[in-house]
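Since every read-out is calculated from the coordinates, none of them should be taken as a lab result. Bear in mind that the values here come from a model prediction, so they are computed numbers and not experimental data. Note that we place each Cβ from the backbone using ideal geometry, even for glycine, and neighbour counts take in every protein chain shown.
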Amino acid sequence: MGPSRKPNVCRRLSRRTQGFFSRDAGVVQRTNLGILRALVCQESTKFKNVWTTHSKTPIAYERGRIYFDNYRCCVSSVASEPRKLYEMPRCSKTEKIEDALLWECPVGEMLPNPSDYKSSLIALTANNWLLRISTTTGKVLEKIYLASYCKFRYLSWDTPQEVIAVKSAQNKGSTLARQAGIQQSVLLYLAVLRVLPFSLIGILEINKKIFGNVTDATLSHGILIVMYSSGLVRLYSFQIITEQFMQQKLDLGCACRWGGTTGTVGEAPFGIPCNIKITDTPPLLFEVSSLENAFQIGGHPWHYIITPNKKKQKGVFHICALKDNSLAKNGIQEMDCCSLESDWIYFHPDASGRIIHVGPNQVKILKLNEVENNSAQHQISEDFVILANREKNKNENLFTVTSSGRVVKKSFNLLDDDPEQETFKIVDYEDELDLLSVVAVTQIDTEGKAHLDFHCNEYGTLLKSIPLVESWDVTYSHEVYFDRDLVLHIEQKPNRIFNCYVYQMVCDPGEEDDDGEETASTSCEKE
């Protein structure tokens, strides 16, 4: 028998139409995405810049939709040319949307209305209204007035797609209060709600008398995370806090008497009273000290990553077991590089438990393994490394002339993030196609040129490289999104000028195989 042939897109499509995958709906979806991945990575596929636009307000991207003018205008990027989906009526500065999250329909849950099965935008306005907006029409489906006693500013997921946390701006007190020496006890508020339909869990106050001089606090996966200027990070159970310190259970849309005032919960001007007030120090789950409060949890089993709380330790990362704080074997990770910008590290978003460590000239994928003959301890090892395309041992020569006329040559090594060498700027993960996307930038003469590379997530093999036609200025802020067959680049120039470049996949006629069938396949083999 001859060598086995690579999967052919035409054959896979034929098998799908004949019902070969009908036993499991998930198999059909994975097959479809496998076909798309093969088309994306084949040599003849190009990504064409189909649209470029500019804005004086921030541009945001979420799942095939581009948002302009503080989410007031929505453009679909799925069609061959971006087209406007909707434009909400103009509003005052107090009514503008300041932050937003995309909510998508959960699988396997019965929802009250047919429209609820379509995705929505959860939006926070400058005047403390929380809105649920249709992503196809811009119609406001639900609205809640939060409160008048603080300024809510930030949205985040506590439990993704289920529970949101709305954080207020920090209360620094009025100028008159500070001049009079009056200390503000409440530092900030966290409103916690379930989505679709909105239902209230409670509003929690972070009090200085209980927690001390807090610099920030947030909620994630049911854990209250409190941070201090000293680098200390403390973790508390939000469920225990709710059970012990909730003063009164409140329901949205119901009448309520609070502090001598009667109103409807979630409607203006009454809003939602702060019903979780901590009167005693709650049980501490965990605490650790880290430089700039940098703290992450992930891996299998649970580990955390910190930087020792000393400035000279910046760029040094410790990976420790959460259960006993023990340092993993080879758990001190420090990239051997000399650069102006520091490297960064985070747990891989593919839920594999691996770790991504990014420097200017290399991307390391690390994995956690049990130490041989000691299942209680884990070690860090390299899974694979992606290297920048550079000249080896490149250095620059300086020529100086002495007073006697002798020419002296001096050599010095370039920085690892020197703009004239290929430097990694962004690393992301496309979960549906299981690809790592890496943005690399090189300064050519006075202009920076960037390309987006797709690497196999399992082995790190380079599968595709896409040049970006626009110049890349390393002094600007950049975001790059790779979403199925779309690449989107957003850059922020000085004076709040935002540019958006949209690329879409274009398939050129591919080469035919021996059977006359067009082949679109890219293997992911370990080198």
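Taking amide H positions as modeled 1.01 Å from N, with prolines and chain starts lacking one, the residues under 5 Å from residue 65 and 5 or more places away or on another chain are 77.
Spatial offset of the range 33-103 relative to the range 275-338 amounts to 36 Å, using the alpha carbon center of each. In plain terms, the chain from residue 280 to residue 115 could stretch by 55.0 nm, reckoned as 0.36 nm per residue minus the Cα-Cα distance.
Classify the range 91-289: rounded, prolate or oblate, from the alpha-carbon gyration tensor (a ≥ b ≥ c, eigenvalue square roots; a/c under 1.5 rounded; otherwise prolate if a/b is larger than b/c)? Verdict is prolate for the range 91-289. The lysines whose alpha-carbon is closer than 16 Å to the alpha-carbon of residue 493, local same-chain residues fewer than 8 away aside, are 56. Here the Karplus curve 6.51 cos²θ - 1.76 cosθ + 1.60, taken at θ = phi - 60°, turns the phi angles of the range 191-197 into couplings of 9, 10, 9, 7, 10, 6, x Hz, with x standing for Gly and Pro.
How would you rank 50-59, 367-376, 199-208, 315-324, highest first, on the average number of other Cβ atoms within 10 Å across their residues?
In decreasing order of mean packing, 50-59, 367-376, 199-208, 315-324 become 199-208, 315-324, 50-59, 367-376.
Applying the criteria of a DSSP loop state and at most 11 other Cβ atoms within 10 Å to the GluC sites (Glu not before Pro) of the range 52-144 yields 109. Size descriptors for the range 28-168: radius of gyration and Dmax over Cα atoms are 17.6, 59 Å.
The value of relative contact order for the range 221-266, using C-alpha pairs under 8 Å at least six residues apart, is 23 percent. Normalised by the number of residues in the range 85-148, the average gap of Cα pairs under 8 Å and 6 or more apart makes the relative contact order 30 percent. Sorting 212-222, 67-77 by their mean Cβ neighbour count within 10 Å, with the most densely packed peptide first, gives 67-77, 212-222.
Can you return the lysines within cross-link range of residue 139? Criterion is Cα-Cα under 24 Å, with same-chain partners fewer than 8 residues away left out. Reachable lysines: 84, 93, 96, 118.
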